[in-house]
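Take a look at the structure set out below.
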Amino acid sequence: MTEQHFIPKEYKISKEKGQVTWESPSNIALVKYWGKKKHQIPENPSISLTLNNCKTITTLSYSKKESGNDFSFEVFLDGEKKDDFKPKIKTFFERVEAYLPFLKDFHFKIETSNTFPHSSGIASSASGMSAMALCLLSLEKLNNPEITDLYFYQKASFLARLGSGSACRSIEGDLIVWGETKAVNGSSDLFGVKYPYQVHEIFKEYQDTILLVDKGEKQVSSTVGHNLMYEHPYAENRFKQAHENLEKLKPILESGDLDQFIALVESEALTLHAMMMTSMPYFILMKPNTLEIINKIWNFRKNTGLHIGFTLDAGANVHILYPKNEAKVILEFIKNELVVYCQNEQYICDQIGFGANQIKE
Ligand code: PMV
């Protein structure tokens, strides 16, 4: 399949105006995407858990205008006009216009809000871009009600990817693979697919408690970080390792071997940060409290034998992953010993989720 698959036959949307609302979750990668080619084509495959509670809710209001050369839209976050979001959205519109040919025929009002605190260091790009892709694609569906669910979800993921790579893994749940690899049948560089193999019950309600260590602006953006993989001395081996780790994860997900699961996931998180530290220029996104938390987790795991592990995204926050049947004791530990390392003692309890939902037509 190529990009051509998502270029629709010519159509005009007959409806003059209307509104559509989607909510879409964030996701956290187990095997990390780091390094990309043009148009968010990943250098290596990744797999993520879709989250349940960390979501963006976006309402798109559209009204027909004289078709011109420019996009016309306004953006609001929590009811407040956000002109500084406009350049990113304009770039997104430019990238998806070939696949959504009606974009210049409408004026759009985009109203968005997140369930997690704004600038908490939790990336809202995955949930935000996927919600937006779904809203826009709903307009296409209005005119082509016969498009199948498979096409709709694949195209939504494809469009979200053009907004922000990892956003393509937020459309569905509960485990999503993105990036072509021999390890996973049906995997694609163009969009995320549901993990197609057997998964042990223990993962069905897996918990993710996100410790907000640093809410400040990131010192180096993901875009810059991805680009530093171009000349990176370890890039080739890293990309190879990601394929291998996806292969290794298959029997682990099937058997529910949590010790091996934790070892693979923690190694992936630290490898991601090792790539950052060995880029030129090099950079560090972890903070002293990130390391304090990691050491506390390791000690607690050693002392209790409980299956607590961590992963990191491109920032200082720590995602603590554990099975639901151990949640009581682990949450006590988090509250008593880890929350002191968080900014304003903030943390978010989340768990594995099943993807985006349309709230209103
Ligand atoms: O989607 P981006 O370009 O913000 O990249 C995100 C990359 C990581 O979060 C660090 C890893 C991943 O696979 O989500």
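The values are calculated or read from the model by the stated rules, or taken from the named source; none is laboratory data. Note that the structure is predicted; figures quoted are calculated from it, not measured. Cβ placement follows ideal geometry from the backbone for every residue including glycine, while neighbour counts extend to all protein chains displayed. Ligands, DNA and RNA are excluded from the accessible area calculation, which covers all protein heavy atoms including side chains. Shrake-Rupley method; radii C 1.70, N 1.55, O 1.52, S 1.80 Å.
In the neighborhood of His200, defined by Cβ-to-Cβ distances under 9 Å, what is the net charge if each Lys or Arg adds +1 and each Asp or Glu adds -1? With Lys, Arg at +1 and Asp, Glu at -1, the neighbours total -2. Packing order of peptides 84-91, 50-57, highest average first: 50-57, 84-91 (average count of other Cβ atoms within 10 Å over each peptide's residues). Equivalent-ellipsoid semi-axes for the chain (Cα gyration tensor, √(5λ), whole Å, largest first): 35, 22, 20. Computed over every Cα-Cα pair of the range 92-196 and binned at 10 Å starting from 0, the pair-distance distribution P(r) comes out as 15, 43, 33, 9, 0 percent. Mind putting together the pair-distance distribution for the range 260-326? All Cα pairs, 5 Å bins, whole percent per bin, short to long. Distribution as computed: 3, 16, 27, 25, 15, 8, 4, 2, 0 percent.
Each part reduced to its alpha carbon centroid, the range 183-222 and the range 283-356 end up 16 Å apart. Subtracting the Cα-Cα distance of Lys335 and Tyr230 from 0.36 nm times their residue separation leaves 33.7 nm of extension gain. When the P(r) of the range 23-119 is calculated, the portion above 15 Å amounts to 71% of the C-alpha pairs.
Taking Cα atoms only, the orientation of helix 258-277 departs from the longest principal axis of the chain by about 70 degrees. Taking Ser267, Ser48, Ser221 as the candidate residues, the one with maximal mean-square fluctuation in a Gaussian network model of the chain, Cα springs under 10 Å, is Ser221. Taken along the Cα-to-beta-carbon direction at a fixed 7 Å, the label points for Glu16 and Ile41 span 4.4 nm. Per atom type, the chain shows carbon and sulfur on 49% of its accessible surface, probed at 1.4 Å.
Label separation (Lys250 vs His200): 1.7 nm, computed from points 7 Å beyond Cα along the C-beta direction. Of the trypsin sites (Lys or Arg not before Pro) found in the range 124-213, those in coil by DSSP whose Cβ has at most 16 other Cβ atoms within 10 Å are Lys182, Lys204. Compute a Gaussian network model of the chain, connecting alpha carbons closer than 10 Å, and tell me which residue from Phe261, Phe300, Phe93 fluctuates the most. It is Phe300.
Please identify, among Tyr234, Tyr206, Tyr322, the residue showing maximal mean-square fluctuation in a Gaussian network model of the chain using a 10 angstrom Cα cutoff. Greatest mean-square fluctuation among the candidates belongs to Tyr234. Note on Asp149 and Glu3: the model spin-label points, each 7 Å out from Cα along the C-beta direction, lie 3.0 nm apart. Counting Lys and Arg as +1 and Asp and Glu as -1 over every other residue whose Cβ lies under 9 Å from the Cβ of Glu43, the net charge comes to +3.
Among 6-15, 223-232, what's the highest-first ranking by average C-beta atoms within 10 angstrom per residue?
Top to bottom by mean Cβ count within 10 Å: 223-232, 6-15.
Calculated from DSSP H runs of 4 or more alone, at -39500 (n - 2.57) each and per residue, what is the 222 nm mean residue ellipticity of the chain, nearest 500?
-10500 deg cm²/dmol
Taking the average, over residues, of other Cβ atoms within 10 Å as the packing measure, peptides 62-75, 332-345 rank 332-345, 62-75 from highest down.
With semi-axes defined as the square roots of five times the eigenvalues of the C-alpha gyration tensor, the equivalent ellipsoid of the range 222-269 measures 27, 11, 8 Å, largest first. Taking 0.36 nm per residue of separation and subtracting the Cα-Cα distance, full extension of the segment from Cys349 to Lys81 would add 93.6 nm. State the extension gain, in nm to one decimal, for the chain segment bounded by Asn53 and Lys109, taking 0.36 nm per residue of separation less the distance between their alpha-carbons. Value of the extension gain: 17.7 nm. Summed over the residues of the chain and divided among them, the accessible surface reaches 45 Å² per residue at a probe radius of 1.4 Å. Size of the range 128-278: Rg and Dmax of its alpha carbons, in Å, are 17.4, 50. Here is the tail figure for the range 221-361: Cα pairs spaced more than 21 Å apart come to 53 percent of all pairs.
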